[in-house]
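Visitor: Next up is a structure, given as structure tokens.
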């Protein structure tokens, strides 16, 4: 029990890799299916909301956000081009949390910030052993 509660593992173990994989799949699929898919194609209200943020080319930026959320989520889920996908997802979450919800209470920003932090882990850590990135490179991504 003590080992389970307090052991800190510094090496890459199957349990660590499995945990990272579960987080990657969940965060990727959640973003793609719960957020990105519903924005494709971007609706007029969504495009208008992007314009209200003061972003240039609101139609283009709405498409960019929707495609990033959907395809970035799928890429993250399978662990392919994980760091670039996570980086673009971070950019989208920064706009959501600190653009769209800037004047809202923390509760309204919380989901975007949570996704942002999760994606930051994948920018820093990479996809992990159980990923397409790992297969492409023939070794564990780090």
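Visitor: Stretch residue 52-residue 94 to full length: gain in nm at 0.36 nm per residue minus the Cα-Cα span? Please report the intermediate quantities before stating the final value.
Guide: On the way: separation 42, 0.36 × 42 = 15.12 nm, distance 1.58 nm.
Gain on extension, residue 52 to residue 94, equals 13.5 nm.
Visitor: Given the stretch 1-109, what whole percent of its Cα pairs are spread farther than 15 Å?
Guide: On the way: 4060 of 5886 pairs.
Pairs farther apart than 15 Å: 69 percent.
Visitor: Would you calculate, for the chain, the mean residue ellipticity at 222 nm contributed by helices, counting each DSSP H stretch of 4 or more residues as -39,500 (n - 2.57) and dividing by all residues, to the nearest 500?
Guide: On the way: 8 runs with 86 residues, N = 142.
Counting only the DSSP helices, I get -18000 deg cm²/dmol.
Every read-out reported here was derived from the displayed coordinates using simple, explicitly stated rules and does not represent laboratory data. Keep in mind it's a predicted model, so treat the numbers as computed, not measured.
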